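Report on the following structure.
Read-outs throughout are calculated quantities, based only on the coordinates presented, and are distinct from any laboratory measurement. This structure is a prediction, so every number in the text was calculated from the model and none was measured. Heads up, the Cβs are rebuilt from the backbone with ideal geometry, glycines too, and the neighbour counts pull from every protein chain shown.
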Amino acid sequence: MLRFDHMPSDFHPIFLFLGDAADLAALASVLRSFAERGRKVSVAEGIPGSRSRSNLTLVPADDEFGMRDVGGSFEWRLNAWQAERIAERIDLLTPKEHKSGSDLIEVGSDGEIPVKISRGEFTDDFLVTKL
């Protein structure tokens, strides 16, 4: 199950994605689909069974790129080229021989929230709300 959420901090906030190889491959697939279609897409709707306390939408952009907090919801503002390159970087985390790994994604836009994509570095219950 792909898990994702904003990790607020006064100094180094990040947006964190956690999952196994299949989960990360699903995220890469959603990014590729977004790049092809060029339309807004909810990550939670694009990856059934994913879990998050934050609403995250991929949004086509031609300026002010990157992950943005928009009134408590989040928009990952990307153009098609950026979405494809991020998907390629995620693919590097999915081979069977890799048990763990991560990548920190930033597109170089002022004010963006860095995005960390991680495989096998956190327990399976991290970011999952206990009931």
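Some observations on this one:
- Nearest-0.05 FRET efficiency for S42 and D62, computed from C-beta distance (R0 25 Å): 0.75
- The stretch 8-74 - charge dipole about Cα centre, Lys and Arg +1 at Cβ, Asp and Glu -1, debye rounded to 20: 240 debye
- Where both bridge residues fall in the chain, DSSP classifies roughly 60% of the beta bridges as antiparallel.
- Whole-Hz couplings from phi, Karplus 6.51/-1.76/1.60, listed for the stretch 44-56; x for Gly and Pro: 4, 6, x, 10, x, x, 5, 10, 6, 8, 9, 7, 10
- Computed magnitude of the charge dipole of the chain (debye, nearest 20; Cβ of K, R +1, Cβ of D, E -1): 420 debye
- Long-range lysine pairs (8 or more apart or interchain), the chain, Cα under 28 Å: 5
- Per-residue packing, averaged as other Cβ atoms within 10 Å, sorts the ranges 88-98, 17-27 into the order 17-27, 88-98, beginning with the highest.
- Using the Karplus relation 6.51 cos²θ - 1.76 cosθ + 1.60 with θ = phi - 60°, the per-residue 3J(HN,Hα) values for the stretch 103-115 come to 9, 9, 9, 9, 9, x, 9, 4, x, 6, 8, x, 10 Hz, with x marking Gly and Pro.
- Label of the coordinate-derived value, mean projected area of the Cα convex hull in nm², listed as (i) 9.2; (ii) 7.9; (iii) 18.5: (ii)
- Helical mean residue ellipticity (222 nm; -39500 (n - 2.57) per DSSP H run of 4+; nearest 500) of the chain: -7500 deg cm²/dmol
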